[in-house]
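Q: First the structure, which I've put down as structure tokens, then a few questions once you've had a look.
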Amino acid sequence: MSSAGRAPDAEIDRDTPMTRTYVRVLVIEAAILVLLWIFGRLFS
Amino acid sequence: MHLLDWIVVVVYLFWIVYDGLRRSRGTDKVDGYFLANRSLPWWAVGLSVMATQMSAVTIVGTTGQAYATGLRFIQFYFGLPLAMIVLSLTVVPFFTRARVYTAYEYLERRFDVRVRSLASFLFLMGRAFSLGVTLAAPAVVMSAILGWSLPVTVLAICVPMIVYTTIGGVQAVAWTDVKQMFIVVGGMSAAIVILLYGILQQVSFSQALHLAGATGRLNAIDFRFDPRETYTFWSGMIGGLFLMLAYFGCDQSQVQRYLTAKSIDEARQSLLMSAFVKIPLQLLILSTGVLVFVFYLFQAPPMLFNRAYDARVAAGPHGAEYVALEREFGAALESRRQAATETDRVAFLAADEQVRQIRDRAATIVKETTGDSRYNDVNYVFPTFITTRLPIGLVGIMIAAIFAAAMSASGGELNALATASIIDFYRRHFVKEASDAHYLMVSKGATVFWGLFASVVAMYSANQGSLIEVVNRYGSFFYGSLLGVFILAILTKRATATGAFWGLLAGMAVVLAVAFTTPIAFLWHNLIGAVVVVAVGMGISLLQPPPSPPRGFGRAGRPASDLG
């Protein structure tokens, strides 16, 4: 099958570490969980 | 519905098809048709990933569940952010470097053609049936609300979706998804504004929260460790993690979305977009359901939201009792309204319990009269609110949003079904050497076939309880086992093809046995499936000679165990 029109291989393989983004994801999820728990307790 | 609302819906359906066709440029080759020439930006892929998950089931079923039980369904998504990180580190670079069309192609490189074909077959069966249920959700409800027959409603959703997916391929699907996401989120936000406006005429925002909280609807987190409970913190975090790993890592309908991204970085960013946005977005939808509950504390709701059997019940042996129940229901609603206005917690909870008992009795009468033991009105709550309480014009937009959600979720799945059929079966087993034009033609044929297949399944999947659960239950039958075989493939060098093949079959068998003979909640099936496949697969592999090193994987020439 043809691969005409594809992005160049070097572009496709661009691979940068994203450790800071992963940490941000975890911190935000933890914050949401804590807020949800407090919210439930506050209004139950 | 007002004429203006009908015009909005019809114009929207035509616009979606037109725009999908306009996006079909560049899809005259198989690479373009299935992978959009790996040219899409991360935000478009990310929105498409979220649109594929956010089906009409999400709008109709999730709001209904929140109306009935509150925010606790949010726990289902707790494993998602972590799963996205794991996948960003592992399979995203892996599949992208491999230049594969389907996730299952890799299983042949690592094991053999049996494992690839079995995994792809499991995907096709599971996904085709759950696609049918995904389509049934809006079709069943909208046919009752709009007064259309079920086949007509199914066709109103399926025909536009099949047309733009068949002609435009994944590129049309992705760009249509982007627009549909905006319509869905915009529509839900407008509904929330209307709900808040109605509620704040009666009570303050704080009082509204206390009323919802008094009934337990704001208790989003349940820390009990009980495997029989469907939604707990632990089932979401552990079972949900395995489900999300399997769904986004092994389900072609998701893998194909991020394979269309321009680069590994952009594919990662598209997944991490879900990691950031999915839980808040689900909270928005669940909150809508809770607000509908509070709204109906002050505006009389129907005794049952699904009125499909009204005439039969009235003419049946319990007709008189049903009429008496409706009077009793009206009195109970008034007591509840008064207690809610006066914020008398004890009286409010007593009246709310009375309302619940009357509704239960009414549902029992419907079941006894009609013989429909699965009768359920959860999925009718939000559509009833839309059609009876929203202003003209907005009703049309919300109905269009439900159709949009149905099509955006289904278009991606349809394209993935066609991809797996053609790449893993047709090209692999039947016609190995043919022109690009030939493969493109049969790919379009496969898209039409699966679209029609799912339409037929949709017509037979009506009234199966809360539809969001039905979809996830279907998925959980095979997701865990698929994840197990990918763990064997990617994380171990010792696993053999025979071990993986029999491990996969054993995983499926155990999950089916657990599902039908134990009360263990379905989220745990994903964990059980994965563990059984890995245990049986490794056990059998250790009885055999070690496999020869896997063939080179991807143009970067990296070995199978190197996760980049």
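The values are calculated or read from the model by the stated rules, or taken from the named source; none is laboratory data. If you're wondering where the values come from, they're calculated on a predicted model, not measured in any experiment. For neighbour counting, all protein chains shown are included, and Cβ atoms are generated from backbone atoms with ideal geometry for every residue, glycine included.
Q: On the given criteria, is residue B:4 touching a residue at least 40 places away in the same chain (Cβ under 8 Å), within 13 Å of another protein chain (Cβ to nearest Cβ) and either surrounded by fewer than 24 Cβ atoms within 10 Å (Cβ to Cβ) or assigned to a loop (DSSP other than H, G, I, E, B) (or both)? Quick ask: steps written out before the conclusion?
A: Numbers: touching a residue at least 40 places away in the same chain (Cβ under 8 Å): yes; within 13 Å of another protein chain (Cβ to nearest Cβ): no; either surrounded by fewer than 24 Cβ atoms within 10 Å (Cβ to Cβ) or assigned to a loop (DSSP other than H, G, I, E, B) (or both): yes.
Here the answer is no, as residue B:4 does not meet what is asked.
Q: Modelled with pLDDT of 90 or more and not in a loop (DSSP other than H, G, I, E, B): does that describe residue B:362? Even if it seems obvious, please write down each step before you answer.
A: Values: modelled with pLDDT of 90 or more: yes; not in a loop (DSSP other than H, G, I, E, B): yes.
Judged against the criteria, residue B:362 is a match.
Q: Here's something else I'd like to know. Quickly run through the stretch B:119-174 and pick out the residues that are in contact with a Lys or Arg (Cβ under 7 Å, 6 or more places away or on another chain) and of a type in the set (A, V, I, L, M). Write out each step before concluding.
A: If we filter the stretch B:119-174 for residues that are in contact with a Lys or Arg (Cβ under 7 Å, 6 or more places away or on another chain), which is where we start, we get B:166, B:168, B:171-172.
The answer is B:172, and nothing else.
Q: Can you tell me which residues in chain A are at the interface with another protein chain (Cβ under 7 Å from one of its Cβ atoms), farther than 21 Å from residue B:86 by Cβ and at pLDDT below 90?
A: Of everything in chain A, those that are at the interface with another protein chain (Cβ under 7 Å from one of its Cβ atoms), farther than 21 Å from residue B:86 by Cβ and at pLDDT below 90 turn out to be A:1, A:2, A:3, A:4, A:5, A:6, A:7, A:9, A:11, A:12, A:43, A:44.
Q: Scanning for something out of contact with any Pro (no Cβ under 9 Å at 6 or more places or on another chain), in a loop (DSSP other than H, G, I, E, B), modelled with pLDDT of 90 or more and surrounded by fewer than 24 Cβ atoms within 10 Å (Cβ to Cβ), does the stretch B:207-217 turn up at least one residue? Walk me through it before giving the result.
A: Step one: of the stretch B:207-217, the residues out of contact with any Pro (no Cβ under 9 Å at 6 or more places or on another chain) are B:207-217.
Still in the list and also in a loop (DSSP other than H, G, I, E, B): B:215-217.
Next cut, modelled with pLDDT of 90 or more only: B:215-217.
Going one step further and asking which of them are surrounded by fewer than 24 Cβ atoms within 10 Å (Cβ to Cβ), we end up with B:215-216.
Yes, there is a match, as at least one residue in the stretch B:207-217 is out of contact with any Pro (no Cβ under 9 Å at 6 or more places or on another chain), in a loop (DSSP other than H, G, I, E, B), modelled with pLDDT of 90 or more and surrounded by fewer than 24 Cβ atoms within 10 Å (Cβ to Cβ).
Q: Given the conditions (1) part of a loop (DSSP other than H, G, I, E, B); (2) more than 28 Å from residue B:66 (Cα to Cα); (3) in contact (Cβ under 8 Å) with a residue 60 or more places away in the chain, and given that residue B:448 satisfies all but one, which numbered condition is not satisfied?
A: For residue B:448, the failing item is (1).
Q: How about the stretch B:363-385: which of its residues are closer than 13 Å to residue B:301 by Cβ and of a type in the set (Asp, Glu)?
A: The answer is B:377, and nothing else.
Q: Among the residues of the stretch B:18-31 satisfying the criterion of being modelled with pLDDT of 85 or more and not charged (D, E, K, R), which is nearest to residue B:161 (Cα to Cα)?
A: Checked the stretch B:18-31; the qualifying residue nearest to residue B:161 (Cα to Cα) is B:18.
Q: Right, another one. Does the stretch B:107-129 hold any residues that are buried (at least 24 other Cβ atoms within 10 Å of the Cβ) and of a type outside the set (Lys, Arg), and which are they?
A: B:107, B:111, B:115, B:119, B:120, B:123
Q: Which numbered condition in (1) farther than 28 Å from residue B:73 by Cα; (2) modelled with pLDDT of 95 or more; (3) surrounded by 21 or more Cβ atoms within 10 Å (Cβ to Cβ) is the only one that residue B:268 fails?
A: Condition (1) is where residue B:268 drops out.
Q: Next question. Would it be correct to say that residue B:233 is under 28 Å from residue B:480 (Cβ atoms), within 28 Å of the chain's Cα centre (by Cα) and within 14 Å of another protein chain (Cβ to nearest Cβ)?
A: On the way: under 28 Å from residue B:480 (Cβ atoms): yes; within 28 Å of the chain's Cα centre (by Cα): yes; within 14 Å of another protein chain (Cβ to nearest Cβ): yes.
The answer is yes for residue B:233.
Q: Something else: May I ask you to say which residue of B:203, B:141, B:152, B:170 is within 17 Å of the chain's Cα centre (by Cα) and at negative phi? So that I can check it myself, show each step before the final result.
A: Numbers: B:203 fails: within 17 Å of the chain's Cα centre (by Cα); B:152 fails: within 17 Å of the chain's Cα centre (by Cα); B:170 fails: within 17 Å of the chain's Cα centre (by Cα).
Residue meeting the stated conditions: B:141.
Q: Now a separate question. Which members of the stretch B:37-93 meet the condition of being facing chain A (nearest Cβ under 10 Å), among the hydrophobic types (A, V, I, L, M, F, W, C) and part of a helix (DSSP H, G or I)?
A: Those that are facing chain A (nearest Cβ under 10 Å), among the hydrophobic types (A, V, I, L, M, F, W, C) and part of a helix (DSSP H, G or I): B:71, B:74, B:80, B:82, B:84, B:85, B:86, B:89, B:92.
Q: Same structure, new question: From the list B:275, B:246, pick out the single residue that is in contact (Cβ under 8 Å) with a residue 24 or more places away in the chain, within 25 Å of the chain's Cα centre (by Cα) and within 14 Å of chain A (Cβ to nearest Cβ).
A: B:275
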